[in-house]
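Beneath this line is the structure, given in structure tokens, with notes to follow.
FYI, it's all coordinate maths here, none of it is from the lab. Nothing here was measured: the structure is a model prediction, and the numbers come from that model. Positions of Cβ are backbone-derived with ideal geometry, glycine not excepted, and every protein chain shown enters the neighbour counts.
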């Protein structure tokens, strides 16, 4: 974040979190991504079913009693969450950004446990339904950080669809997020030659052309040629467009079924 409080566009994007789907370090990568994007202090993810069950799937960040809060919410407080109506009105696989509620909108016990005892001063949330399960993703800031700024809220709103879909995909029963598998089995990536796929996977991981050349033991000219051919086959011209294809395959409707 810049000294004037605005967010630096170069702070990063959600690529790391999307590429971490299915990996054991997904929670750490997710909170790191959220911190860089919008200075989120803590993230918690809950799974809610239409049958009424709730569980805490992820608890990462700077709230020491996060585990206790997750257990309390899943145990009973999910039933009195002001967002509950909005959550259960959700249909299909489209992520939704949930309304913001001031602490006074919560019941006294809820307010004491989830705001006063924890030090939480602000919260944003998004959710996505996959079948009969709602993945409810909450972003928090504590007193030492202050409330989310308008710019931070805007940034969260922009990345919420990708974050919600990534969380849902990560917690699916049989994730297939390995990039090698994705390139080998899913069109249009599977149409690339093996070497073009290798180059593209390295591009997604953030390697420069020079580093790709060294890593694969090929010349810089060859690396650039493979990249050009791959981009032509995919009908794209940039790394961001390549990431867009991967994001769509990982978190789109097919990936969530």
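Quick check: is even one residue across region 48-66 in a helix (DSSP H, G or I) and buried (at least 16 other Cβ atoms within 10 Å of the Cβ)? Looking for residues that are in a helix (DSSP H, G or I) and buried (at least 16 other Cβ atoms within 10 Å of the Cβ), one finds at least one in region 48-66, hence yes.
Is it the case that region 126-142 has a residue that's assigned to a helix (DSSP H, G or I) and either surrounded by fewer than 16 Cβ atoms within 10 Å (Cβ to Cβ) or touching a helix residue (DSSP H, G or I) at 6+ places or on another chain (Cβ under 9 Å) (or both)? No; the residues of region 126-142 include none that is assigned to a helix (DSSP H, G or I) and either surrounded by fewer than 16 Cβ atoms within 10 Å (Cβ to Cβ) or touching a helix residue (DSSP H, G or I) at 6+ places or on another chain (Cβ under 9 Å) (or both). Elements of the type helices (runs of 4 or more DSSP H) sitting completely within region 159-246 and holding at least 3 residues that are buried (at least 20 other Cβ atoms within 10 Å of the Cβ) and touching a helix residue (DSSP H, G or I) at 6+ places or on another chain (Cβ under 6 Å): these cover 194-204, 220-234.
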